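Rule-based calculations on the coordinates, nothing more; no lab input. Everything numeric here is computed off the predicted structure, so don't read it as measured data. Cβ coordinates were reconstructed from backbone atoms using ideal geometry, including for glycine residues, and neighbour counts include every protein chain displayed.
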Amino acid sequence: MPARNTEAINLLVKIDGKEELKFGKGGTDTWKLKNGMMVHSLHIDMRLDCPDAFEVQFHAEREGKLIVFDWAQAGKPIELGFSYEKKPQPLFKGEIVYCEVDHDSEPDVPSLVSLRGYDHSHRLTRGHMAKTWGDGENADQTISDIVKKILSEESKDDELQAGDSKADQEPFKSRYIPHAMSTRYDFIKWAGSNLARASDSESEDDKKIAFRKLDVKSNPVATICYEKIEGSNPARTISARFSISTFPSYTKVRVHGWNIKEKKAFVGEAEACSPEIDCASANSGWKPGWEQSKEALYKGGEGAVYERVLEFCETKEEAKKIAQGLFDSFSLRFLTGEIEVVGCPEIVPGSIVELKGFGERLSGKVIVTQAAHHYSIDGAKPYTTRLQFCANASGPTKS
């Protein structure tokens, strides 16, 4: 597939539902923001493990007066996006948290108003709480049930809701689950990691929080090309860095628990990653990282085993699920990297991209964990995307 024309970039900047900025006495005058007019720079930082963030900068002066800042209001909803040759679709939805103005008396240095903020899930990072979920007697709740309660009962003022998760409900139920002193966001993130899930950023309603499973076998949203342009939705590489690490890499994870009713100990184990994130099966010729680490360090021995004791884990089924989540998390640290490409708005955390032209060991499908989209009117390359990725396997090394 030929590369698309990246010479002209269209921007979406919509504040409080309108593509315009107010200024002047009474706010009767407006600057139109259609296709990025008056925008000096735009940056969107998206990650799997924290709320998405943005910064957009506008020229602040008109006829020598700093006027735009008077109408910059925190709390206003904002939509941002990028596109080539068509109308941009929202890549980010959130709200304004910071309003800043930068003024310089030098005639060649523009005065700028900066608006910064996050998606609505950032409200879950405000304040700490500690609570024990469950009565300690009846095993009648799941982690997903607790997350829904946090969003519906503990977050009413934040106007957040639980969305429909794109994953089956976990099969086990617990008598109680401790929520140690932490933010609501950290607890929900912990819950998702124990279920081998990530937060869902694809919902049309940006105030709905949900879980979804990653799937490395899904179609890649882009092909990251080293030199030759090839594949679906190709993006040319500007710079790249890769790392293969044998730490932390475990051949087995064991989670120990205690059945309080039967007065028996039990162990849940995981010895391979979940099928949805199995990069070895998704890429022909790739080998799992934990097997490569075992061969490199233990010469055919058992390999490293990770053990954890969880007081609140009361069934072997639950222990297996938690062990699987831990194994998946450890395994995805084997192959990591950071790549900057010509801007590609389809690349978001949780999506799959395919690497091509980087040699047999690295060329294949990987999982995006972070994507930073940056536009600057002063840049040599106006729109770029910097992504970070992970995989739990790689191609063979040459002997």
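Quick notes on this one:
- Restriction of the trypsin sites (Lys or Arg not before Pro) in segment 343-399 to DSSP coil positions whose beta-carbon has at most 12 other beta-carbons within 10 angstrom yields Lys398.
- Convex hull volume of segment 10-118 per residue (C-alpha atoms, cubic angstrom): 111
- Axis angle, to the nearest 10 degrees, between helix 184-194 and the longest C-alpha principal axis of the chain: 50 degrees.
- Mean separation of Cα contacts under 8 Å (6+ apart) over length of segment 261-399, as relative contact order %: 31
- At R0 = 30 Å, FRET efficiency that the Cβ-Cβ distance of Lys76 and Ile244 yields, to 0.05: 0.10
- Of every Cα-Cα pair in segment 78-178, the percent that sits beyond 22 Å: 58
- Note that segment 332-343 has calculated 3J(HN,Hα) couplings of 6, 9, 5, 10, 10, x, 9, 9, 10, 10, 4, x Hz, one per residue in order, obtained from phi through the Karplus relation 6.51 cos²θ - 1.76 cosθ + 1.60 (θ = phi - 60°); glycine and proline are x.
- Between segment 280-350 and segment 366-399, the alpha-carbon center distance in angstrom: 20
- Per residue of the chain, the DSSP helices (runs of n ≥ 4 H) give a summed -39500 (n - 2.57) that works out to -4000 deg cm²/dmol at 222 nm.
- Theoretical FRET efficiency, 1/(1+(r/R0)^6), r = Cβ-Cβ of Thr397 and His128, R0 45 Å, to 0.05: 0.45
- Computed over every Cα-Cα pair of the chain and binned at 10 Å starting from 0, the pair-distance distribution P(r) comes out as 5, 20, 26, 24, 16, 8, 2, 0 percent.
- With contacts taken as Cα pairs under 8 Å and at least 6 residues apart, segment 10-118 reaches a relative contact order of 28 percent.
- Sites excluded, GluC sites (Glu not before Pro) in DSSP loops with at most 12 other C-beta within 10 Å, longest stretch of the chain: 312-399
- Value of Rg to Rh for segment 214-399 (Rh from inverse mean 1/r over Cα pairs, i.e. Kirkwood): 1.08
- Listed values for segment 144-149 are Karplus-derived 3J(HN,Hα) couplings in whole Hz (6.51 cos²θ - 1.76 cosθ + 1.60, θ = phi - 60°), namely 4, 4, 5, 4, 5, 5, and x replaces Gly and Pro.
- As a length-normalised measure over Cα pairs under 8 Å and 6 or more apart, the relative contact order of the chain settles at 16 percent.
- Calculated SAXS-style log₁₀ I(q)/I(0) at q = 0.14, 0.16, 0.23, 0.24 Å⁻¹ - segment 227-296, Debye, Cα scatterers: -0.71, -0.83, -1.10, -1.13
- Among the listed pairs Lys217/Lys321; Lys32/Lys149; Lys86/Lys287; Lys131/Lys365, a Cα-Cα separation exceeding 31 Å is found for Lys32/Lys149; Lys86/Lys287; Lys131/Lys365.
- Sparse-neighbourhood loop sites, trypsin sites (Lys or Arg not before Pro) in segment 65-147 - DSSP loop, at most 16 other Cβ within 10 angstrom: Lys86, Arg126
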